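Worksheet: one structure, shown below.
The values are calculated or read from the model by the stated rules, or taken from the named source; none is laboratory data. Predicted model only: the values in this text are computed from it and were never measured. FYI the Cβ positions are ideal-geometry reconstructions off the backbone, even for glycines, and counts take in every protein chain you see. Side chains included, ligands, DNA and RNA excluded: accessible areas come from the protein's heavy atoms. Shrake-Rupley method; radii C 1.70, N 1.55, O 1.52, S 1.80 Å.
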Amino acid sequence: ESWTGRMEVWRRALEQCGREPSRRHVHWLRVATLRLQSELEHWRSGAGADDPAAPAVARCMKQARKLRGLLKPAREADVCLGMLAELRKRADARATPGRTLSPPCRLQERHLKRRLERRRAAAAKALEEDLRERQKRLLNLSGEMERALGQGMLRLARPSAAEVRALVVEIAENFPVLSAENLHEFRKGMKAARYLADLGAAADAAMRTQVAWLGELQTAAGAWHDWEMLAQIAGRALRN
């Protein structure tokens, strides 16, 4: 898929999410935005500060960060609802006569689910309103950036397996011990490394391997992060 093709995917994701901020559309737009940011960071690492396209890219990066912030409440509610459903499914599958979730536990589960559903509905409404206001500006900005980059992005050298490896080493050195407090930043770094590897994977077997194991690492770190998030939300909700 070409650079222009990836930009078109992002624009379609933005339009779809603006029309219907469903779980699938929110996830699609979030991933497309993260991939766009990763590719633009790669461009900035090889371009000079005086490059004519730099201002447009900087504006686009700023808006991408804001967009991810807008998506965050709906995405977090989606993740927590999914994990809560999985937790209930596992409990029901292991249940035997005399060994089921106690009535107080089931009551808390239903209470938390209702809280999350209300949070998701409010987040979707706010996101829809925000995107309605921002969508035209974002689409215009993406077109401006694409024109400013011109053929430069098409000629940009694909990242190498060595570059990805160096980034992973740097992240590992910055996070020698993982904890609930630094897990989010670690996960963001590894996700950026995976998206960078994606850019060169089509033509490089080593990078395809990197994509695979970075994906596994991202999944494991993501599960840890999501359980921490659900525990915090549940703790606050069930104290009230």
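Numbers below:
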read-out	value
Nearest-20 debye value, region 1-79 charge dipole, Cβ charges on Lys, Arg, Asp, Glu	340
Region 43-113-region 207-233 distance, computed between alpha-carbon centres (Å)	12
For Kirkwood radius over Cα pairs in Å, calculated from these coordinates, the label among [x] 20.0; [y] 19.5; [z] 21.4	[x]
Chain lengthening between Leu139 and Glu173 when straightened (0.36 nm per residue, less Cα-Cα)	8.4 nm
Student exercise, the chain dipole from Lys, Arg, Asp, Glu Cβ charges, in Debye to nearest 20	1260
Cα lying deepest toward the dipole's positive end in region 113-240, options Ala166, Leu178, Ala206, charges on Cβ	Leu178
Loop-exposed GluC sites (Glu not before Pro) per DSSP, neighbour cap 16 Cβ within 10 angstrom, longest uninterrupted part of the chain	2-180
Extension gain, Ala202 back to Ala223 (0.36 nm per residue minus Cα-Cα distance, nm)	4.8 nm
Which of Asp226, Asp92 is most accessible, then next, and so on - probe 1.4 Å	Asp92, Asp226
Dipole-positive endmost among Ala77, Gln63, Leu139 within region 16-142 (Cβ charges, Cα centre)	Ala77
Dimensions (Å) - region 1-141, Cα atoms, principal axes, largest first	70, 30, 24
Most to least accessible of Thr33, Thr209 (protein chains only, probe 1.4 Å)	Thr209, Thr33
